[in-house]
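Some notes on the structure that comes next.
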Amino acid sequence: MDRSLRGMGIGLRSMESDDGVEFAERVHVVYDCPSGHSLVVPLSIEAEVPMVWNCRCGVEAYARDRGDAEPTEVRRPRSHWEMVLERRTIEELEALLAERLDLLRARRLQPVH
């Protein structure tokens with residue numbers, strides 16, 4: 001008996017989404033490693049801050065005094081389109097698109113050897 005999901009390709013689309021998710025308010029805690037590394041770990045404002053955190057080098061890192069720590073605003077992840085618009089204007093994107101389409105059309109008209 002075939003029990004596959006019809007119309008869905010495996011791995012083509014995520015069934016999870018951040019829509020409607022409210023992230024917890026966070027604070028960034030800085031940990032200093034005796035080997036000279038610094039780690040910044042975002043934790044929930046409600047979480048108990050551990051005084052020791054494992055550094056990437058395997059040594060225990062110790063939390064700095066967090067008396068001046070303030071909650072950080074939770075930023076929603078930027079989409080690919082938003083990042084493109086930070087680097088280029090719509091006019092530049094339209095010009096690039098026209099250029100690429102011209103190249104593709106020219107390639108399509110070339111005879112095949």
Hey, among ARG56, ARG66, ARG13, which residue is modelled with pLDDT under 85 and touching a strand residue (DSSP E or B) at 6+ places or on another chain (Cβ under 9 Å)?
ARG66
Please work out if GLU86 is part of a helix (DSSP H, G or I), among the acidic types (Asp, Glu), modelled with pLDDT of 85 or more and more than 24 Å from the chain's Cα centre (by Cα).
no
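The values are calculated or read from the model by the stated rules, or taken from the named source; none is laboratory data. If you're wondering where the values come from, they're calculated on a predicted model, not measured in any experiment. For neighbour counting, all protein chains shown are included, and Cβ atoms are generated from backbone atoms with ideal geometry for every residue, glycine included.
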